[in-house]
Amino acid sequence: MSLHLYNAELISWISFLIPLIPAWMFFRRLWFELKFFIAILTVSFIFSVVVYYTGKHDIHNLVIYFIWYMLEFYLYSILFQRLLHSRFSKNFTSVMMLLFAVLILVNLGHILEGVAFDSYLPAFLSLAMLLYCVLFFNQQLDNPRITFIYKTTWFWIITGLLLYFAGSFLIMLSTGYLMNKNIDFIMELWILQSLLGIVKNLLIAIGLVYIKQR
Amino acid sequence: MERILLLGIGGMLLFAIGVIVFVLVHQRRVIRYQMNLQSLREGQQRLLLEAAIASEEKERQRIAGDLHDEVGASLSTIRLYLLQAARKNTLEQVAATMEAAKEVLDEVVSQVRQISHRLSPEMLMQFGLKDALQKMTQKLHASGGIRVSFMSPEEIVRLQPERELAVYRIVQEVIGNMLNHAAAAEIHLQLRQNKHCLIITAEDNGRGFTQESFEKQKNKPGSLGLKNIQSRVDILGATINFTERKDHLPGTLMTLNVPLVKVPGDSGQSVHADTR
């Protein structure tokens, strides 16, 4: 792997610490959904460190990616199921969880072989997250109690997630296909994704500033 | 392929930014709308308050006028009679003067009762809205100038006295408007109730009056009666609607829905347990 990618990934996982350190410090003061989100972010942080080091030492890590995406998808789905209040949104998240399970079962053989990167799971994860974020914003717009949306923690968190997963969707979808054709281009795309990860973490950190104005 | 992919990623990012910008712009619009609404509400409340004060002042002036012109004059007459009685020589003359004074005194008692009745209808306090409205329509009908009918079920839930008075005043004002402004020759008043509210409808055959006219005119300076109606409707947590008649003949149908549930800001129970 290129040095640039390693550097970008290194900065990316270190950037997790920007929101995580203050969040861990004030963990007790957070309300449940935010605690849950911080827990997901911690899981993502651990996995990103693991894949960074396994990648650096040429250890086979495709199954770790698979477990990461699976965990991330289900944890985020549960979180959005709590955050979204309408029946439609709750049913939608349930349907997405079911579809993801079907996708896992269909791709299980391919995934467990661990020969090639499976694009479908992370692409589906990104698409689902995009839709969850749009549903969340739609719900916020209908909430008359929120007067300044940008002064809420969730606005910044969801903005970070929306940007990250919007950028990741096509990167993830094309990774499996391009892995054997143009590895250099894939590396560049993964650098872009790492940069988006840094932006996401910075936006989440901004969101944590507004915790008091809950 | 790479170029298309990059364009696609750029497009997705633009989409995400577009969503965020839309959310922020929409939110600003909502805030502006809420602020406008708030200032409109404040203006409306100020108007209603002014109307309430003006109405109270008008009522005081009317009472003062009644006391001065009717009671005051009658009492002066009685005083004169009493002075005259003191100057009379025979017992018969005194008795005759005292009789005349007694007749004027009876008038005074009747005048005071009328003033008191106008302030707070006795029938309403004692027997409730149904009987008070019935009495009011009977009186109007008996005047001969207009045909007034009234319909109501046997049992109607009694509201708190002040709520009943507010409903009574609204109906009084609406019927007054039908008589004075709509030139109606016929009025039909109906009182109904369901699980949630008391429904009062008043239908006339006069010049039509729409909800739009009500909304416009109540905000005009001087239209004290309509402002009072709105103010009482707000206090009751009720709704009032002016529409055309259901048979589409000329006239107006007023529908007043008064909730039977407790309304915010109402200190006591809205509905009494006893029904008649």
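What follows draws every value from the coordinates through simple rules; no lab data is involved. Only a predicted model underlies this, so the values are computations on that prediction, with no experimental measurement involved. Virtual Cβ from ideal backbone geometry, glycine too; neighbours counted across all protein chains shown.
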Practice problem: Starting from the Cα gyration tensor of the range B:188-243, take the square roots of the eigenvalues, sort them a ≥ b ≥ c, and report rounded, prolate or oblate (rounded when a/c is under 1.5, otherwise prolate if a/b is larger than b/c, else oblate). | Solution: oblate
Self-check item: Kirkwood hydrodynamic radius (C-alpha pairs) into Stokes-Einstein, the range B:1-147, 20 °C and 1.002 mPa s, D in µm²/s
Solution: 93 µm²/s
Quiz item: Rg/Rh for the range A:156-214: what does it come to with C-alpha atoms and Rh from Kirkwood?
Solution: 1.17
Exercise. Starting from one equal scatterer on each C-alpha and no solvent at all, send me the Debye-based log10 I(q)/I(0) for the range B:109-170 at q = 0.15, 0.25, 0.30 Å⁻¹, two decimals.
Key: -0.50, -1.13, -1.26
Quiz item: Where in chain A are the DSSP H helices whose C-alpha atoms run 30 Å or more along the long axis and whose mean Kyte hydropathy is at least -0.5?
Solution: A:32-56, A:62-83, A:87-113, A:120-141, A:153-178, A:183-209
Quiz item: Can you sort A:Ser126, B:Ser152, B:Ser76 so the residue with the fewest Cβ neighbours within 10 Å comes first?
Solution: B:Ser76, B:Ser152, A:Ser126
Self-check item: CD proxy at 222 nm, helix term only [per DSSP H run n ≥ 4: -39500 (n - 2.57); per residue of chain B; nearest 500]
Solution: -21500 deg cm²/dmol
Quiz item: Given the rule -39500 (n - 2.57) for each run of at least 4 DSSP H residues, summed and divided by the residues of chain A, what is its mean residue ellipticity at 222 nm, to the nearest 500 deg cm²/dmol?
Solution: -28000 deg cm²/dmol
Quiz item: Taking the radius of gyration and the Kirkwood hydrodynamic radius from Cα positions alone, what is the Rg/Rh ratio for the protein assembly as shown, to two decimal places?
Solution: 1.29
Quiz item: Using only the Cα atoms, what convex hull volume per residue in Å³ does the range A:1-159 have?
Solution: 122 Å³
Quiz prompt | Where only C-alpha atoms are counted, convex hull volume of the range A:1-46 per residue in Å³ | solution = 59 Å³
Self-check item: chain B: relative contact order in percent, alpha carbon pairs under 8 Å with at least 6 residues between
Solution: 16 percent
Quiz prompt | Relative contact order computed over the range A:2-144 (Cα-Cα under 8 Å; 6+ residues apart), in percent | solution = 22 percent
Quiz item: Mean separation of Cα pairs under 8 Å and 6+ residues apart, divided by the residue count of the range A:74-137: what relative contact order is that in percent?
Solution: 39 percent
Practice problem: Could you work out the per residue convex hull volume over the alpha carbons of the range B:140-248, in cubic angstrom? | Solution: 124 Å³
Exercise. Go through the range A:70-165 and name the trypsin sites (Lys or Arg not before Pro) that are in a DSSP coil and have 11 or fewer other Cβ atoms within 10 Å of their Cβ.
Key: A:Arg145
